[in-house]
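Here, each number is a calculation from the coordinates, and none is a lab measurement. Keep in mind that this is a model prediction, so the values were computed, not measured. Positions of Cβ are generated from backbone atoms using ideal geometry, with glycine treated the same way; all protein chains shown enter the neighbour counts.
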Amino acid sequence: MSVTPLPVRRRLSPEESRDAALDAARELLVELGPQAVTLKAVAAKIGRTHANLLHHFGSAAGLQKALIERMAGFITTTIRDTVFRQRASEHDPREVVDLAFDAFDTGGAGALASWMILSGNEDALDPILKAIHDLVDELRDDHHDALPIEDETLQLVIMALGDALFGAPLTRVLGLPRERARELAYAAMIGSAGSRD
């Protein structure tokens, strides 16, 4: 009778373990929705214990907050880099609109933020709000559109979040193309850029 040895689990540093958990949490979010982002599910996905994740995040809400913080940091960095690149050439907000809509929709940020708020996690939006605030502060200096950057940001984020949560059924019932909210956001930003002083 032969005994199959158990696979050897590679020892991860605390940072590697935390990163692996956040990667797994993002996969669960995108594949199954925000309700699937639990300590137990993430632990199972990466072959760690519930206690290990509890040590890193404190709770499922802590895991979700760390995930949304990571997602917010990634998307605002991507948008910042895109805006700076565009300012050096032609200013076309299409890419920024697409990045924002994709982050909230297929990226899962809209569903996760909503889930956290509805679950009673009052400070759920803090990482997103801080990342957006920091981005606006950084981009404000060279902003020359007719609308203040705060107004453009508010309009884009609310449209992208609303579309992520309610866009598919609403466009379907209204007989509109699924991309209609994205097109409206783009038109609004083009209008703002086109009416510079």
- Item | In the stretch 58-155, trypsin sites (Lys or Arg not before Pro) in a DSSP loop with at most 13 other beta-carbon atoms within 10 Å | ARG140
- Could you run the Karplus curve 6.51 cos²θ - 1.76 cosθ + 1.60 with θ = phi - 60° over the stretch 29-37 and give me ³J(HN,Hα) per residue in whole Hz, x for Gly and Pro? 4, 5, 6, 10, x, x, 5, 7, 7
- About its Cα centre, how strong a charge dipole does the stretch 11-58 have in debye, to the nearest 20, once Lys and Arg get +1 and Asp and Glu get -1 at the Cβ? 200 debye
- Query: For the chain, how big is the tail of P(r) above 29 Å, as a whole percent of Cα pairs?
  - Reply: 34 percent
- Message: How would the stretch 120-196 be classified by its alpha-carbon gyration tensor: rounded, prolate or oblate, with rounded meaning a/c under 1.5 and the a/b versus b/c comparison settling the rest?
- Response: oblate
- Query: 222 nm [θ] for the chain, helices only, -39500 (n - 2.57) per DSSP H run of 4+, per residue, to 500?
  - Reply: -21500 deg cm²/dmol
- State which stretch of the chain is the longest one without any exposed GluC sites (Glu not before Pro), exposure meaning a DSSP loop state and at most 10 other Cβ atoms within 10 Å. 1-89
